[in-house]
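Let me begin by presenting the structure, written as structure tokens, before commenting on it.
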Amino acid sequence: MTLITVLITLLTLAAVTYLLSLVNSKLGAYFTIVTSLATIVMLFLIKDSIGQSYSLSFFTFKLTTVGWYFSMVMVTVYFTTAFLNPFWIKKMIYPAAYNLFFLVSLIGTIGMFFARDFITLFICWETVVWTSTFIIQMGKSRKSSYVYYVVSAIGSMVTLFAMMLVYQVSGTLEISTAFSALSGQPVLALIVFFTFILAGLSKIGIFPFHVWLPMAHGSAPHTFSPVLSGGLVKMGAFIAYLSVTAFAAYEVFANTFTIMGIPAPLYIIMVLGAISIVVGTVMAIRQDDAKKLLAYSSVANGGYILIGILLYDQIAFAGGMLHLISHALASATAFITIAIVAYRTGTTKMSELGGMIHRMPVTYTVYLIAIISMAGIPPMGGFVSKWLILQGLADRGLLFLAAAAFFGSIGSFMYVFRPLSAVFLGQLAPKYEKIKEANIMMQIPMYLLTIATLLVGVFPNVVLRVIADIQLEAGIQEIVLVGNTIVVSNGVLDALRVFIVFGYGFLIALVIFILRRKSRRVTLMDTYTSAEFIHTPELLHYSSNFYAPFERLTKKPYPVLNLYEKVSIKIKEIGHMAESLFSSSKPAITIFWIIIVFAIFFLGGVL
Amino acid sequence: MTVMNFVYGFIVLLAAFIFQTALTGVNRKVTARIQKRYGPRWYQQFLDIFKALRKGSITHGWVFDFGVIMALGGIMATVIFIPVAGFEAFPNMDNVFVISYLLAVGMLGMAMSAAGSGNPWASIGVSRALTNMVAYDVPLMIVIFTLIFAFDTASVSEIAAMQQGMGVLGWNAVRMPLGGIVAFIALFGMLGKKPFDSFIAPAEIASGPMVEYGGKHLGFMFILHELMTFIEVSLILSLFFGGGSSILVYAIKYAILYTLVNIISQVMPRFKIDQAVKFFYRVPLVFAIIQGLVVIFLGWGVSVWF
């Protein structure tokens, strides 16, 4: 089986899904699950032929380990999220289009990860941007899809400019060879670097291009937010990867000013990553909407991935790559659980929810494991990747990046706990007394993702072996793996042993607990209230302004948002002016145009 | 990994519990003497814990129980990884990031259980505790980061061993004075001692996270608190004050460090939680960054002292 067969099969399946959806939208939604499962199977089938090149008319592809890894992460997220499609499809305005776009965006990402030339890369990239724009539009607000499209368009147009520039210099469109023509021209290389990486930065939500994430993630259909955050954001990481491998930023900028051994242009991008970690964390803590909170956490985690990949060394690069999958799994899981809560209750506002654990224990447990991973606590996947990134930063002595990383990782305890406490724990409002647990079909993806998160956390070396292959392919030192142990120059980690010892501690605590007297079950309202008599559960639930003291400290909005507001107002004004010139019924405007036309008619020859 | 590792782990756990609980008892007496009281007997803390464990208790649902067990389990696992005077129950597992993040499992379990009680005081306490953690942990982690860079290892026992043999002058707190100050201040935050105790403020938010606990749950919380204290003091002792070459030296240094913190905290007022954040981000954070820059760019305090 070749890659071309895979892509054509998938396109056919997408078309079939569309036709089926026209007849019965629910059937089509089930078919998205089948198609994404087929993608996983086919990706495993083509794994042996890594290294081969394919072409289809003017599209050219190359099967690489890194492309395969990214595709697997992406398709895992798509496959698990597809299980939710049948339940939401009735709520979509254009169900058939939703199913089609869902699959086409998946195919676009796979094509992009295996692209060998700029044209294929760009077309696949734009396919994903367009299809996802239309899907986001089916959610809560139209404005968010505009913002998403504008930010994406700025990114992709600037990147297209970089590609054209490279083409002009090198005369070839093939990614790996085209960049080598830049080696003798430092100024041009600098321009190409910053313009090329911009699409990646805008996609992964790096400050100051992060504004679209909370809007798009927050208002996209609930079934698409997991894909956006777990999957599509990671496309930006691929561009970052290309900028250090194909573009070879470390060699191109070897003679420029370096900071702690890192060329200044790369360091600037990493500082942007560090700023995203801080901004994402602070903003996530301040949110009331659970989906927006998770979106800002994606901004913060995007910063980790970017820093890890751009460091391009033995330790931190492996950490960044591993964080890609651990965050994809954790974030998709968290979004899915919030989607299910929203499906049952109709809201994602944390201040309106509470006590869901008493009605949805499975959803709660799944969310708990997802946030343990997201906060980087052992024994889940997020811990191993953050450990690698932190060890890598400590090895290089990158103090300021590390300070941001520490702030993000400790701040994440704050924001991941907020939905746990406000949505799932605390008092159950009487109006939610009757709601039910997620049904079996919705539980399947939650189980799959949870098991995957745990496996990455306990046996990280399975994934890290693939990452070592990527490092080999990229020509950097591979991460050292001995059995279950990860060995880096300044520390060792045996994740399995951490898990076992945690289990041992848990067992001791459990035995002591069981041996003591059984406790008496009381209701949630039966709590200490300082001798006040409160009979309204909602009043006894602490969920709004959860981190009031911290919010007080960070209440000043940061200047970038104001700047964007101003720019958008100016653009609107210009638009209104242009509109009034052409489509106005005022006589003054008509006379104005008549004068112009006459002037051109009579004076055209003279001028 | 053999059965003996688990046996050693259990011994470390038991020894840590007994030692720290006795020390807490002694410090209750010290506190009392500062306040011109007579104070309870030194073993009063044991009596309190075992009495609580014997009593009947209430529960607010399964997460209320599960959180307590998860908290104690996580904390116990962390204690097992702590190297005591060079002795490790599980060799090569004393990575400082593993210890500090595994500690978070316990904290998460406790927070979860407290919020699961449905009492708003508990949630307010948890929200303050997490904010407090963001305040003290960032400066501390930056200093620890500096240590890892300087000594090229993240193993707590190795960092402790590198400080030994030179007396007081070999301690990281002396070699890197600003970092030592940060670590010492952060220890107050970690232990929840005044002035950073607003998350358990008994008179203000009814003990915060602890408000709903009674009976065996409260007994669990007491044990948890003793073990957490052991982890935190041990970490600071090993990383900044040279650890101990033998168990006896370790125990004496530990007792002095803990008692010193307790004495100082007794004469302190209480910070509001946002004041605590402001304080940590104004003074210790700046100290930590200056210390980091000094070590990374000038190399002072790493290999050459004299």
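Kindly evaluate A:F161 against the criterion of being of a type in the set (F, W, Y) and more than 30 Å from A:T337 (Cβ to Cβ). Break it down into steps so the answer makes sense when it comes.
Numbers: of a type in the set (F, W, Y): yes; more than 30 Å from A:T337 (Cβ to Cβ): yes.
Answer is yes for this residue.
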Among A:L311, A:L306, the single one that is hydrophobic (A, V, I, L, M, F, W, C) and at pLDDT 90 or above is A:L306
If you go through A:L493, A:L563, A:L540, A:L553, the only one that is over 27 Å from B:G61 (Cα atoms) and in contact (Cβ under 8 Å) with a residue 24 or more places away in the chain is A:L493
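If I ask for residues that are aliphatic (A, V, I, L, M) and facing chain A (nearest Cβ under 7 Å), which ones from the range B:127-164 would you list?
B:L130, B:M133, B:V134, B:V138, B:M141, B:I142, B:I148, B:A154
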Only one of A:G397, A:G392 is among the small types (G, A, S) and within 7 Å of another protein chain (Cβ to nearest Cβ), namely A:G397
Among (1) more than 21 Å from A:Y69 (Cβ to Cβ); (2) within 12 Å of chain B (Cβ to nearest Cβ); (3) buried (at least 24 other Cβ atoms within 10 Å of the Cβ), A:S373 falls short only on (1)
A:S176 passes all but one of the listed conditions (1) farther than 26 Å from A:D313 by Cβ; (2) in contact (Cβ under 8 Å) with a residue 24 or more places away in the chain; (3) of a type in the set (S, T, N, Q); the exception is number (1)
- Within the range B:203-210, can one find any residue that is more than 19 Å from A:M414 (Cβ to Cβ), among the charged types (D, E, K, R) and within 12 Å of another protein chain (Cβ to nearest Cβ)? yes
Yes or no: the range A:512-531 includes at least one residue that is away from chain B (no Cβ under 14 Å) and either on the phi < 0 side of the Ramachandran plot or without any contact (Cβ under 8 Å) to a residue 24 or more places away in the chain (or both). no
If we ask which residues in the range B:239-288 are closer than 17 Å to B:A160 by Cβ and basic (K, R), their number turns out to be 1
Next on the checklist: Being of a type in the set (A, V, I, L, M, F, W, C) and over 30 Å from A:S530 (Cα atoms): is that true of B:F151 here?
Outcome noted: yes
ask   = Does at least one position in the range A:410-417 carry a residue that is among the aromatic types (F, W, Y), farther than 24 Å from A:G457 by Cα, part of a helix (DSSP H, G or I) and within 11 Å of chain B (Cβ to nearest Cβ)?
value = no
Of the residues in the range A:481-490, those that are modelled with pLDDT of 85 or more and either away from every other protein chain (no Cβ under 14 Å) or on the phi > 0 side of the Ramachandran plot (or both) come to A:L481
Mind checking whether some residue in the range A:379-392 is among the hydroxyl-bearing types (S, T, Y), under 20 Å from the mean Cα position of the chain (by Cα) and not assigned by TED's automatic domain parsing to the domain that holds A:L84?
yes
If you go through A:I508, A:I476, the only one that is out of contact with any strand residue (DSSP E or B) (no Cβ under 7 Å at 6 or more places or on another chain) and farther than 30 Å from A:A300 by Cβ is A:I508
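Every residue, every condition in (1) touching a residue at least 24 places away in the same chain (Cβ under 8 Å); (2) closer than 18 Å to B:M133 by Cβ; (3) outside any loop (DSSP other than H, G, I, E, B), yes or no:
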| position | (1), (2), (3) |
| --- | --- |
| B:I223 | yes, no, yes |
| B:M228 | yes, yes, yes |
| B:G242 | yes, no, no |
| B:Y258 | yes, no, yes |
| B:A276 | yes, yes, yes |
Every listed condition ((1) closer than 20 Å to B:Y136 by Cα; (2) out of contact with any Leu (no Cβ under 7 Å at 6 or more places or on another chain)) holds for A:T363 save (1)
By residue number, the members of the range A:190-207 that are more than 10 Å from A:I239 (Cα to Cα) and assigned to a helix (DSSP H, G or I) are A:L190, A:I191, A:V192, A:F193, A:F194, A:T195, A:S202
Sole miss for A:I40 among (1) surrounded by fewer than 21 Cβ atoms within 10 Å (Cβ to Cβ); (2) more than 17 Å from A:F224 (Cβ to Cβ); (3) at pLDDT below 90 is condition (3)
If we ask which residues in the range A:119-143 are crowded, with 18+ Cβ neighbours inside 10 Å, over 16 Å from the mean Cα position of the chain (by Cα) and small (G, A, S), their number turns out to be 1
Among the residues of the range A:77-99, the number that are buried (at least 23 other Cβ atoms within 10 Å of the Cβ) and part of a helix (DSSP H, G or I) is 9
Expected output for the range A:2-19 (first residue aromatic (F, W, Y), partner assigned to a helix (DSSP H, G or I), Cβ below 7 Å, 6+ apart or cross-chain) is A:Y18/A:A96; A:Y18/A:N99; A:Y18/A:L100
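Can you report the number of residues in the range A:464-488 which are closer than 27 Å to B:G9 by Cα and surrounded by fewer than 19 Cβ atoms within 10 Å (Cβ to Cβ)?
6
The values are calculated or read from the model by the stated rules, or taken from the named source; none is laboratory data. Just so it is clear, the structure is predicted and the values come from calculations on it, not from any experiment. Positions of Cβ are generated from backbone atoms using ideal geometry, with glycine treated the same way; all protein chains shown enter the neighbour counts.
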